[in-house]
Amino acid sequence: MSGVRSSRIRSLKCRECGREYELEPLHVCDFCFGPLEVTYNYEEITRSLTKEKIRNGPKSLWRYKELLPIETEDPLDLGTGFTPLIRSTNLAKELGLKELYLKNDTVNPTFSFKDRVVSVALTKTREFGYTTVACASTGNLGNSVAAHAAKAGFESYIFIPADLERGKILTSAIYGPNLIGVEGSYDDVNRLCSEIANEYDWAFVNINIRPYYAEGSKTLAFETAEQLGWVAPDHVVIPVASGSLLTKIHKGFEELHQIRFIPDSKTRISGAQATGCAPVATAFANHTFTIRPVKPNTIAKSIAIGNPADGYYALKAVTETGGFVESVTDEELVEGIKLLARTEGIFSETAGGVTIGVLKKLVESGKIASDEVIVAYITGIGLKTVEAVENALEGLQVIKPSVADFNDKILRRNPSLGQ
Ligand SMILES: *Cc1c(COP(=O)(O)O)cnc(C)c1O
Ligand SMILES: [Zn+2]
């Protein structure tokens, strides 16, 4: 037992053999190498936590602190979470859906949902007493770790594939981390980081801190249910990289049911991948729980993980809840970005294009019914991946600064505009 802690947080528990561990910076079971997960005393949380308490809490993910593995009264806070759940009007109509919502996580401090996991991870890192943090990243995680490390005064090491989008490199570099571009895929970067983690006593957000880090994603389920008036949606569509986000949104709805905040947790969970990196979608299509690693080849770099650590658990959550895992091509994901922008005024990155593309595909194939209450998770902003939609620049019409030229070049070509 290390130090005083609340009885609200119970242990780290192996997902495979059930063995329990103290709340230390550990991520795999010593006995079976299964992944460790934070467990809680739900009876105690049920007794102490009320909806009123949450309603009166901070307008950030910290309103759900009682359901996160954090002890401190003073968490690391850049203003993450409690993002808008937007009722879709135009996109819903275009897809023939009655009740579609968009969870807009592009508005977080570093413009992706990764601020949720990193807020929790780096708060925990501080509790453990580390002063150096590190991560392997497909881009957004690096941005968020660099920003939060700057705020916390940590030394940080961010490892990324060297060929990431410029917008994803710059938005880490600006915060002044040690930023290392590795010649290889994310899976190569991750393998390297596991080796480095063995050599140095650092907090690796997605290695030894991973069980705590991953819990932050539950807040997307908590907020969704609260914003719907304490009910869970019928169906959610979630982009899948390592599978952690999907697995934890599922856990979040189940926990709300467990503490009796929502009547049931019958939400169908569906996953979205890019065809150029779709190991989970492929396993789903082949009715197997064995995930074959792939070599990523897609412009959806933020979710290009060929060997997904939580792929198996994501598949299990999808299958148990009656959801699906689908993939879309790079062309379809670009269409998804444009469709979302043109119908709802939200500019998403490639991962959001995948989510919208897969949503459309699931609706068109009848796998999502038109009367379901649906939430699509838009997890990152489009400004970091402008390369994907560069041809939108063709929308710029250049004229001389004269009314005559405006009339001639713009109105004459679009007669309806001048009427
Ligand atoms: C990291 C990321 C995901 C998926 O994350 P996993 O938890 O690894 O599945 C989805 N969308 C965006 C924009 C991301 O950066
Ligand atoms: Zn085990």
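All of the numbers you see were taken from the coordinates with simple rules; none came from a lab. It should be emphasised that the depicted structure is a prediction, and the values quoted were computed from it without experimental measurement. Cβ: placed from backbone, ideal geometry, glycine included. Neighbour counts: every protein chain shown.
Give me the extension gain from residue 90 to residue 286: residue separation times 0.36 nm, minus the current Cα-Cα distance, reported in nm with one decimal. Write out the running numbers ahead of the final one.
Details: separation 196, 0.36 × 196 = 70.56 nm, distance 3.47 nm.
Gain on stretching residue 90 to residue 286: 67.1 nm.
Considering only 34, 252, 142, give the residue with the highest GNM mean-square fluctuation for the chain, with springs between Cα atoms whenever their separation is below 10 Å. Looking only at 34, 252, 142, the largest GNM fluctuation is found for 34.
Which entries in the list 114/266; 53/266; 53/301; 124/361; 218/301; 151/218 go over 30 Å, if you measure between the two C-alpha atoms of each?
Numbers: 114/266 26 Å; 53/266 25 Å; 53/301 39 Å; 124/361 39 Å; 218/301 23 Å; 151/218 23 Å.
Going by Cα-Cα distance, 53/301; 124/361 fall outside the 30 Å limit.
Dipole magnitude for the chain: computed about the Cα centre from +1 point charges on Lys and Arg Cβ and -1 point charges on Asp and Glu Cβ, it is near 860 debye. The alpha carbon centroids of segment 238-298 and segment 29-93 are separated by 19 Å.
Does segment 201-276 come out rounded, prolate or oblate by the C-alpha gyration tensor, with a ≥ b ≥ c the root eigenvalues, rounded set by a/c under 1.5 and, if not, prolate when a/b is larger than b/c and oblate if not? Please report the intermediate quantities before stating the final value.
Working: a/c = 2.89, a/b = 1.41, b/c = 2.05.
Oblate shape, in that a/c is at least 1.5 and b/c is the bigger or equal ratio.
Axis of helix 186-199 versus longest Cα principal axis of the chain: the two differ by about 30°, to the nearest ten degrees. Mean-square fluctuation check for the chain, GNM, Cα pairs under 10 Å: which of 121, 173, 404 is largest? Its mean-square fluctuation being the largest, the pick is 404.
If the label point is 7 Å along Cα→Cβ of residue 342, which residues in segment 387-413 have backbone nitrogen under 12 Å from it? Counting backbone N atoms under 12 Å from the label point, the list is 392, 395. Here r is the Cβ-Cβ distance between residue 39 and residue 183 and R0 is 41 Å; the resulting FRET efficiency, rounded to 0.05, is 0.55. So the label point goes 7 Å from the Cα of residue 370 along Cα→C-beta, right? Which residues of segment 84-106 then have their backbone N under 19 Å from it? Label zone hits: 88-101.
When the Cα positions of 341, 314, 252 are compared along the charge dipole of the chain, 341 comes out farthest toward the positive end, with charges on each C-beta of Lys, Arg, Asp and Glu. Straight-line cross-link reach from residue 400 at under 24 Å between alpha-carbon atoms covers these lysines, not counting any fewer than eight positions away in the same chain: 409.
Rounded to the nearest 10 degrees, the angle from helix 140-152 to the longest Cα principal axis of the chain is 60 degrees. Fully extending the segment from residue 335 to residue 258, taken as 0.36 nm per residue of separation minus the present Cα-Cα distance, adds 23.8 nm. When each of the peptides 37-48, 239-250 is scored by the mean number of other C-beta atoms lying within 10 Å of its residues, the order from highest to lowest reads 239-250, 37-48.
By the Cα gyration tensor, segment 1-107 has an equivalent ellipsoid whose semi-axes, rounded to whole angstrom, run 34, 20, 14 from largest to smallest. Projected label points at residue 393 and residue 77, each 7 Å from Cα along the beta carbon direction, are separated by 4.2 nanometres.
Compute the orientation-averaged projected area for the chain from the convex hull of its Cα atoms and round it to one decimal in nm². Can you show the working numbers first?
Values: hull surface 90.2 nm².
For the chain, the mean projected area of the Cα convex hull comes to 22.6 nm².
So how strong a dipole does segment 136-225 carry about its Cα centre when Lys and Arg Cβ are +1 and Asp and Glu Cβ are -1, to the nearest 20 debye?
320
In a solvent-free Debye calculation with one equal scatterer on each Cα, what is log10 I(q)/I(0) for segment 131-217 at q = 0.23, 0.26 Å⁻¹, listed in the order of the q values? Summing over Cα pairs of segment 131-217 leads to -1.15, -1.40. Label-to-label distance for residue 386 and residue 24 is 4.9 nm, based on points extended 7 Å past Cα in the beta-carbon direction.
Hey, what number do you get for the chain at 222 nm if only DSSP H runs of n ≥ 4 count, each worth -39500 (n - 2.57), divided across all residues, to the nearest 500?
On the way: 14 runs with 147 residues, N = 419.
It comes out at -10500 deg cm²/dmol, rounded to the nearest 500.
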